[in-house]
Amino acid sequence: MTQLSRRKFLGYAALGSAAAYGSTTIAAPSARAAGASGLPDFAPAVVIGTGYGAAVTALRLGEAGIPTVMLEMGQLWDTPTADGSVFSPMLSPDRRSMWLKDRTEMPLASFLWIDIDRRIERYTGVLDRVHYGDMSVYVGRGVGGGSLVNGAMAVTPRRSYFEEILPAVDADEMYGTYFPRANHNLGVNEVDRDWFEECDSYQYARLSRKHAEKAGYRTTFVPSVYDFDYMRREEAGEVPRSALSAEVIFGNNHGKRSLDKTYLAAALGTGNVTIKTLQEVRDIRRGADGTYRLTVRELDETGGTVARREMGARYLFLGAGSIGSTELLVRARDTGTLPDLGEQVGQGWGPNGNVMVGRANHAWDLTGATQSGMPALGIDAWDDPDNPVFAEIAPMPAGLELWASLYLAITKNPERGHFTYDPTTDAAKLHWTAEQGRPSIDSAKVHFDRINGVNNTVYRHDLFGDTRTFENRFTYHPLGGAVLGEATDLYGRVKGYDNLYVTDGSLIPGSTGVNPFVTITALAERNVERVLAEDIRG
Ligand code: FAE
């Protein structure tokens, strides 16, 4: 057993023995002293959030022997309810599906203009959709952050584009060391090509490939953190279905290597890391002794406040995601609790150029009733000098033939939004207009017009709640707000304060050209290595 797998094994035991519901403390037995209930008054290191950047940081701090507390506002997802499953079914969602909503808010709002959202009980569910005027942002809530709800597509960006967005980062190091490290530790795997060509689950992708190739486009396979061998056994009827049972955005009951199975399990297994759930960090200030003081709200399962407590940390890592970490920083700057934060905080935000679009297929072009919820193929038009687009072939897993093809296009849109602090709501406000999203639609349209033209097909007008064909009023890929080299130094150290770090998607300036979690993970690996070597004294 390697050291990492031994750690993961110990971590699974810690996750398995944590309380099933309500706020809980997850730790290996040796770390349980760090406040069995409530919060400890102080920890040498605190990591806010449990998504990609946070999980990497906690593992590396734990390995270095630094006692570390992770504060996560969502809950632990590991215990089946009465129906035998941990997560809500996708096609009949219940309260577990969404974070404190009375109705589901699905990305595909309608089919044949029929509203497909459902009433649900308000609960600390796993998927949140945060609304900001012309843009809303989907995020995961719970131990594992976005890894619990995402499509598992694990894509390393093109080197040339990575060099364009983060020119000051050494690309040799990233592509030689940190991207391979991230891919390995995330458990990235590729679909077996022979199985892909013959299986039922990807008939929809093969059909979209046929249409794209007819229009002269190239497609490329997309690596994944969903276990493709498990998926193959799903189709063979050997194991319970998850990807083949339409499960994605409300959580996968099987098959997915979410962070609680990888980085977080290994972090807990170091014996130095404790995770506290249903703990939302609200405010950060600095004490006279130079340590950080956090105000933390403990939530109940309907979002109510159980308690407000304070906790201290010498080293503070913000891993609450692009919108979460940025909100904490703009609030701290503008309410004066961290007054030396600069103007760059809150800047450089973008939705990674996300646009969704659907096409109607001919009666003889079947996508199949069984569709894997995990995309495995993309149309790669990123080399188009005028309209670079990488479009994932997305499923419409309704369990019946829909004669429709769906895509999530990632476009190169130079527009950027920014956040300000709104004292009336005590929240960050995103400034992003529909007009700023226009270049993404224009780029995607060039390619999908061509695909429709060559195949004599048309757009679907019935999928996004009204008659629009392109939907870019939401993003799955929020990026920026505390950009590397601008709001922080080149290793995520926040300018103006020592021992304060950003370690998540906030560091990336609005775009990665592909799905972002591999980039976030690799950057976090790079940054924490430097911070451990230069800043942290045990
Ligand atoms: P993230 O994973 O968002 O984690 C932040 C964590 O912090 C969450 O657990 C929050 O609950 C928690 N938090 C926030 N505020 C606070 C606070 N104040 N106090 C305590 N805790 C807090 O951060 N990306 C891909 O690469 N491939 C995909 O296939 C893909 N599909 C996606 C599908 C969906 C439906 C969604 C929502 C996202 C998808 N993404 C995908 C995006 C990806 O999940 C996202 O970029 C990463 O999860 C971002 O990682 P971070 O470390 O920035």
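The values are calculated or read from the model by the stated rules, or taken from the named source; none is laboratory data. Keep in mind the model is a prediction, meaning the values are calculated, not measured. Using ideal geometry, Cβ is built from the backbone for each residue, glycine included, and neighbour counts are taken over all protein chains shown. Only protein heavy atoms, including side chains, enter the accessible area calculation; ligands, DNA and RNA are left aside. Shrake-Rupley method; radii C 1.70, N 1.55, O 1.52, S 1.80 Å.
Counting just the residues of the stretch 58-97 that are within 18 Å of Gly373 (Cα to Cα) and among the aliphatic types (A, V, I, L, M), which one comes out surrounded by the most Cβ atoms within 10 Å (Cβ to Cβ)? Let's see the steps before the verdict.
The first filter runs over the stretch 58-97 and keeps only residues within 18 Å of Gly373 (Cα to Cα), leaving 85-93, 97.
In the following step, the residues that additionally are among the aliphatic types (A, V, I, L, M) were identified as 86, 90-91.
Details: Val86: 18, Met90: 22, Leu91: 14.
Within the stretch 58-97, the match that is surrounded by the most Cβ atoms within 10 Å (Cβ to Cβ) is Met90.
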Give the number of residues within the stretch 109-141 that are hydrophobic (A, V, I, L, M, F, W, C), within 12 Å of the ligand (Cβ to nearest atom) and part of a loop (DSSP other than H, G, I, E, B).
1
Being within 16 Å of the ligand (Cβ to nearest atom) and part of a loop (DSSP other than H, G, I, E, B): is that true of Thr425 here?
yes
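Answer with yes or no whether Glu310 is assigned to a loop (DSSP other than H, G, I, E, B), at pLDDT 95 or above and acidic (Asp, Glu).
Details: assigned to a loop (DSSP other than H, G, I, E, B): no; at pLDDT 95 or above: yes; acidic (Asp, Glu): yes.
It is false that Glu310 is assigned to a loop (DSSP other than H, G, I, E, B), at pLDDT 95 or above and acidic (Asp, Glu).
Restricting to the stretch 227-274, count the residues that are part of a helix (DSSP H, G or I) and among the small types (Gly, Ala, Ser). Before the answer, list the steps.
Applying the first criterion (part of a helix (DSSP H, G or I)) to the stretch 227-274 yields 228-235, 243-245, 259-261, 263-269.
Imposing the further condition that a residue be among the small types (Gly, Ala, Ser) reduces the set to 243, 245, 265-267, 269.
So the count comes out to 6.
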Please find, within the stretch 428-437, the residue that is farthest from Arg333 (Cα to Cα) out of those that are open to solvent by less than 30 Å² (accessible area, probe 1.4 Å) and in a strand (DSSP E or B).
Leu430
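Taking the stretch 471-509, which residues are under 19 Å from Arg526 (Cα atoms), polar (S, T, N, Q) and either open to solvent by 20 Å² or more (accessible area, probe 1.4 Å) or part of a loop (DSSP other than H, G, I, E, B) (or both)? Give the steps one after another, and end with the answer.
Our first condition is that a residue be under 19 Å from Arg526 (Cα atoms); within the stretch 471-509, this holds for 479-480, 482-495, 498-509.
Filter once more, keeping what is polar (S, T, N, Q): 488, 499, 503, 506.
Across the stretch 471-509, the qualifying residues are Asn499, Thr503.
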When you look at Val454, is it assigned to a loop (DSSP other than H, G, I, E, B), open to solvent by 10 Å² or more (accessible area, probe 1.4 Å) and either farther than 29 Å from Gly538 by Cα or among the charged types (D, E, K, R) (or both), yes or no?
no
Over the stretch 142-156, the set of residues assigned to a loop (DSSP other than H, G, I, E, B), open to solvent by less than 20 Å² (accessible area, probe 1.4 Å) and touching a helix residue (DSSP H, G or I) at 6+ places or on another chain (Cβ under 9 Å) is Gly142, Val143, Gly144, Ala152, Ala154, Val155
In the set Thr519, Thr512, the lone residue that is part of a helix (DSSP H, G or I) and within 18 Å of the chain's Cα centre (by Cα) is Thr519
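Can you tell me how many residues in the stretch 446-477 are free of Cβ contacts under 8 Å to residues at least 60 places away in the same chain, of a type outside the set (Ser, Thr, Tyr) and more than 25 Å from His431 (Cα to Cα)?
2
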Residues (open to solvent by 10 Å² or more (accessible area, probe 1.4 Å) and among the β-branched types (Val, Ile, Thr)) located in the stretch 324-355:
Thr335, Thr337
Index of the failed condition, Gly290 passing every other in (1) closer than 30 Å to His362 by Cβ; (2) assigned to a loop (DSSP other than H, G, I, E, B); (3) in contact with a Lys or Arg (Cβ under 9 Å, 6 or more places away or on another chain):
(1)
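Could you say whether any residue in the stretch 157-171 is open to solvent by less than 60 Å² (accessible area, probe 1.4 Å), in a loop (DSSP other than H, G, I, E, B), within 16 Å of the ligand (Cβ to nearest atom) and under 26 Å from Ser372 (Cα atoms)?
The first filter runs over the stretch 157-171 and keeps only residues open to solvent by less than 60 Å² (accessible area, probe 1.4 Å), leaving 157, 161-162, 165-166, 169, 171.
Now narrow it down to the ones that are in a loop (DSSP other than H, G, I, E, B): 157, 166, 169.
Remaining after also requiring within 16 Å of the ligand (Cβ to nearest atom): 157, 166.
Now narrow it down to the ones that are under 26 Å from Ser372 (Cα atoms): 157.
Yes, the stretch 157-171 contains at least one residue that is open to solvent by less than 60 Å² (accessible area, probe 1.4 Å), in a loop (DSSP other than H, G, I, E, B), within 16 Å of the ligand (Cβ to nearest atom) and under 26 Å from Ser372 (Cα atoms).
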Name the residue, out of Gly417, Gly378, that is out of contact with any Cys (no Cβ under 8 Å at 6 or more places or on another chain), modelled with pLDDT of 95 or more and within 21 Å of Lys210 (Cβ to Cβ).
Gly378
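Is it the case that the stretch 41-51 has a residue that's open to solvent by 30 Å² or more (accessible area, probe 1.4 Å) and within 15 Å of the ligand (Cβ to nearest atom)?
Taking every residue of the stretch 41-51 in turn, none turns out to be open to solvent by 30 Å² or more (accessible area, probe 1.4 Å) and within 15 Å of the ligand (Cβ to nearest atom).
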Within the stretch 367-416, take every residue that is within 23 Å of Trp349 (Cβ to Cβ) and of a type in the set (Asp, Glu) and give me the one that is most open to solvent (accessible area, probe 1.4 Å).
Glu415
